[in-house]
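K.L.:
Handing you this structure, nothing more for now.
The values are calculated or read from the model by the stated rules, or taken from the named source; none is laboratory data. This is a predicted model, so every value here is computed, not measured. Please note: Cβ atoms are built from the backbone with ideal geometry, for glycine as well, and neighbour counts cover all protein chains shown. What goes into the accessible areas is simple: the full protein's heavy atoms, side chains included, and nothing from ligands, DNA or RNA. Shrake-Rupley method; radii C 1.70, N 1.55, O 1.52, S 1.80 Å.
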Amino acid sequence: MPALLELHAVSKRFGGLDANRDVSMVVEEHQIVGLIGPNGAGKTTLFNCVSGFFPPTSGTIRFAGREIAGWAPERVLRAGLARTFQVVRTFPEMTVLDNVMIGAFARTNRANEARARATDLLAFTGLAGRARVRGADLTIADKKRLELTRALATQPRLLMLDEVMAGLNPAERAQAVALIRAIRDRGTTVLLVEHVMEVLMPISDHVVVLDSGRKIAEGPPQTVVRDPNVIAAYLGEKYRPRDEGSA
Amino acid sequence: MTGFARSRPGGWLPVAATLSALVVFPLVVDDGSWLNTAVLVLLYAGLAQAWNILGGFAGQISLGNAAFFGIGAYTSTVLLDRWNVSPWLGMPIGAVIAAGFAVAVFFPFFRLGGHYFAIATIALAEILLILFTNWAFVRGARGMTIPFVRGPDRRPTDSWAFLQFNESRVPYYYVVLGLAVLAVAIAIAVERSKLGYYLRAIKNDQQAARSLGVPVLRYKLIAVAISAAVSAVFGTFYAQYLLFIDPETTMRLELSVLIALVAILGGVGTVVGPLLGALVLIPLSEVTRSQLAGSGNTLDLVLYGGLIMLIAVFQPNGLVAVGDRVRRRRRAVRPAGDGAERGDAPLVGAPGAGD
């Protein structure tokens, strides 16, 4: 069976800057896949290419057997691929419930149905008690949780989370990890972007590492953390283990 | 935006009371000038309601809605004048033409962001005004007179079939009341439907809306089509009410601005807002004009402008926000439960989560 998401040689150029260069990766169904890399590695750019916010300069993106590169975001969403934003984008003047209803409307035209689905999901993600609060009035942790709930309401096959754990305290982070596991257990594949490695390692089945727009390593988390290229990318060249040789 | 602004099924009593008061009004107040003011209040309430669907819900500020109003007025009047078509038929035809025109013109407009969009809408109405002023087919700047419906004795008479009332102006009041109720019903239907939710999402954050599958452009076009159609219906009414139209009375910039102003001062993005705005602003402008304009100075405009500034400064979210503020203060008495004492189950383990 082909993978749920397959990127082949995806490049994105902004003027003279190669934000992504020949990135290839696959996301298998029912996995939690981590996409990591230091700041400026091109993670969010790759995210934006996949979710339709800008077309890749070259390369192919296949999702559920269809070529989706260059599709508009709303079309990508309807195909079953939802995302959240690194900088939270909750609808500030709408209530938490209304925020989630917008997501639910992707699969229904009826307000009652959307409301029922949104209410269920808010219970699942632990935001039920805040349903009537305005988006603007939430804490950052709850805003992130709301974005995740909202994306989940669109009933995605693949959920892409852009740094959902950045800025959370350890307790909130543990909750988020539990929630992401629960989402996967319900049958949704998850692609996580983080730049903090330790967050991803315990929950990812597979990790892809980007640096300066290129893929420098991938594999199970335990292997990736020991990869000399990865260590060099995160800590600098002088920390590259000597016996591994240089690139 | 909170519960007060939102129309709720629980709020039927005040709605019924308001409606009965409006129905009884002309029977109690037997005064031509007050009746005229009431007609104008309902007219602007409807126009502001139409504006609100695009400007309030979707946050796309148009300062050219008089263009749609004018198209409505001219469509029915030309049809009546040339081919003796009843305004009741001209009304929906005008609405359809206005909606089609709006979709065609706003398609490129929606590429413009923020202020540039508003400027484009001003230009639109101004171009239309100049066009009609120089268009011989619609008699240019001289305007068009709606021909009298005459009885057997050749004197002007009333006709429901041709929406013209010469003996008493009261029927006009009931017609515009009916149209205003229709406009409110449309606004409520929009607000509660998927369309209304999507429009508010677009107003809040277009990128986030797109990421959740909202086809932003398509929904903006739907909003402007509805807004234009409703505005055009009132244009037809206005033509029949004045029995004379020219480009200035139906399309001038002041009209566009007043429509937006009524909605904004009343409270953007709510159904109650435009109604409140019209109820306060229109009588105010009528009173200041009738009481002060005769002196030849512009004191009436100074006073009118000053009051608008007062509302803008002290009630920037519009008159509906007065109610909201009271509610919020009442709610604030309760401590804002933060974090731990929220009472909802944390994350997982919720029923149906695992399986």
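K.L.:
If all Cα-Cα distances of segment B:9-334 are sorted into 20 Å bins from 0 onward, what percent lands in each bin, rounded to whole numbers?
P.N.:
Here the calculated profile for segment B:9-334 is 30, 59, 11, 0.
K.L.:
If I model a spin label at A:Thr139 and B:Ile308 as a point 7 Å from the Cα along the Cα→Cβ vector, what separation in nanometres do I get?
P.N.:
4.5 nm
K.L.:
Taking θ as phi - 60°, what are the ³J(HN,Hα) couplings along segment B:203-219 by the Karplus curve (6.51, -1.76, 1.60), each to the nearest whole Hz, with x for Gly and Pro?
P.N.:
Per-residue couplings from phi come out as 5, 6, 6, 5, 5, 4, 4, 4, 5, 9, x, 7, x, 4, 4, 4, 6 Hz.
K.L.:
Another question about this same structure. Averaged per residue, what accessible area in Å² does the protein assembly as shown show with a 1.4 Å probe, protein chains only?
P.N.:
Accessible area per residue, the protein assembly as shown: 44 Å².
K.L.:
Work out from phi, with θ = phi - 60° and the Karplus expression 6.51 cos²θ - 1.76 cosθ + 1.60, the ³J(HN,Hα) of each residue of segment A:200-205, listed in order in whole Hz, and give x for Gly and Pro.
P.N.:
Karplus-based 3J(HN,Hα) across segment A:200-205 equals 7, 3, x, 10, 7, 7 Hz.
K.L.:
At 7 Å along Cα-to-Cβ for each site, give me the label-to-label distance between B:Thr298 and A:Val196 in nm.
P.N.:
Result: 6.1 nm between the two label points.
K.L.:
For chain B, set up a Gaussian network in which alpha carbons nearer than 10 Å are linked by springs, and say which option among B:Arg82, B:Arg139, B:Arg200 fluctuates the most.
P.N.:
The residue that fluctuates most here is B:Arg82.
K.L.:
Report the label-to-label distance for A:Asp205 and A:Arg181 in nanometres (one decimal), using points 7 Å from each Cα along the Cα→Cβ vector.
P.N.:
1.5 nm
K.L.:
Summing Lys, Arg as +1 and Asp, Glu as -1, what charge do residues with Cβ under 15 Å from the Cβ of B:Val29 carry, B:Val29 excluded?
P.N.:
-2
K.L.:
Given contacts defined as C-alpha pairs under 8 Å and at least six residues apart, what's the relative contact order of segment B:246-296, whole-number percent?
P.N.:
21 percent
K.L.:
Can you give the FRET efficiency for B:Asp31 and A:Glu29, using 1/(1 + (r/R0)^6), R0 = 56 Å, r = Cβ-Cβ distance, to the nearest 0.05?
P.N.:
It comes to 0.15.
K.L.:
A further question follows. As an exercise, take the mean of 1/r over every pair of distinct alpha carbons in the protein assembly as shown, invert it, and state the Kirkwood radius in angstroms.
P.N.:
Radius from the Kirkwood sum: 27.3 Å.
K.L.:
Related question: With springs connecting C-alpha atoms under 10 Å apart, model chain B as a Gaussian network and identify which of B:Ala21, B:Ala125, B:Ala239 has the largest mean-square fluctuation.
P.N.:
Among B:Ala21, B:Ala125, B:Ala239, the largest GNM mean-square fluctuation belongs to B:Ala21.
K.L.:
A follow-up question, please. Using a cut-off of 9 Å between beta-carbons, work out the net charge of the residues near A:Ile61 (Lys and Arg +1, Asp and Glu -1, A:Ile61 not included).
P.N.:
Taking every Cβ under 9 Å from that of A:Ile61, the sum is -1.
K.L.:
Return the subset of A:Lys215/B:Lys203; A:Lys144/A:Lys215; A:Lys143/A:Lys215; A:Lys143/B:Lys203; A:Lys144/B:Lys194 for which the Cα-Cα distance in this structure is over 29 Å, preserving the input order.
P.N.:
Table pairs above 29 Å Cα-Cα are A:Lys215/B:Lys203; A:Lys143/A:Lys215.
K.L.:
While we're looking at this one, here's another question. Please give the Cα centre distance for segment A:196-232 versus segment B:119-192, rounded to the nearest Å.
P.N.:
Computed from Cα coordinates, the inter-centre distance equals 69 Å.
K.L.:
Note the angle between two axes, namely the Cα long axis of helix B:253-266 and the longest principal axis of the Cα atoms of chain B, as a number of degrees from 0 to 90, rounded to the nearest 10.
P.N.:
Result, in degrees: 40.
K.L.:
Over chain A, what is the relative contact order in whole percent, taking alpha-carbon pairs under 8 Å and six or more residues apart?
P.N.:
Over chain A, the number comes to 25 percent.
K.L.:
Just to confirm a number: summing +1 for Lys and Arg and -1 for Asp and Glu over residues other than B:Asp246 whose beta-carbon lies under 13 angstrom from that of B:Asp246, what do you get?
P.N.:
Around B:Asp246, the charge tally is +2.
K.L.:
For the Cα atoms of chain A, what angle does the longest principal axis make with the long axis of helix A:111-125, in degrees from 0 to 90, nearest 10?
P.N.:
Taking Cα atoms only, the helix is inclined about 50 degrees.
K.L.:
Can I ask one more? Taking a cut-off of 20 Å between Cα atoms, list the aspartates and glutamates near B:Lys220, but don't count ones fewer than 8 places away on the same chain.
P.N.:
Within the straight-line limit of under 20 Å, B:Lys220 reaches these aspartates and glutamates: A:Glu74, A:Glu93, A:Asp98, B:Glu191, B:Asp205.
K.L.:
I would also like to ask the following. Where nothing but the Cβ of Lys and Arg (+1) and of Asp and Glu (-1) is charged, how large is the charge dipole of segment B:9-334 around its Cα centre, in debye to the nearest 20?
P.N.:
1260 debye
K.L.:
Please name whichever of A:Leu210, B:Gly318, A:Phe14 sits farthest to the positive end of the charge dipole of the protein assembly as shown, dipole taken about the Cα centre and charges placed at Cβ: Lys and Arg +1, Asp and Glu -1.
P.N.:
B:Gly318
K.L.:
For chain A, modelled as a GNM with alpha-carbon contacts under 10 angstrom, which of A:Arg184, A:Arg21, A:Arg13 fluctuates the most?
P.N.:
Its mean-square fluctuation being the largest, the pick is A:Arg13.
K.L.:
Write down the percent of antiparallel bridges among all DSSP beta bridges whose residues are both part of the protein assembly as shown, to the nearest 5.
P.N.:
The answer is about 60 percent antiparallel.
K.L.:
A follow-up question, please. Give the percent of DSSP beta bridges with both residues in chain A that are antiparallel, rounded to the nearest 5.
P.N.:
Expressed as a percentage, antiparallel bridges in chain A total about 55.
K.L.:
Can you send over the carbon and sulfur percentage of the accessible area for segment B:121-179, probe radius 1.4 Å, protein chains only?
P.N.:
In segment B:121-179, the share of accessible area belonging to carbon and sulfur is 63 percent.
K.L.:
Measuring from a point 7 Å past the Cα of B:Trp135 along Cα-to-C-beta, which residues in segment B:45-81 have an amide N at less than 13 Å?
P.N.:
B:67-79, by backbone N distance to the label point.
K.L.:
Give me the percent of accessible area attributable to carbon and sulfur for chain A, probe 1.4 angstrom.
P.N.:
After summing per-atom areas, the C and S share lands at 49 percent.
K.L.:
Over segment B:9-334, what is the mean sequence separation of C-alpha contacts under 8 Å (at least six apart), divided by residue count, expressed as relative contact order in percent?
P.N.:
Relative contact order here is 31 percent.
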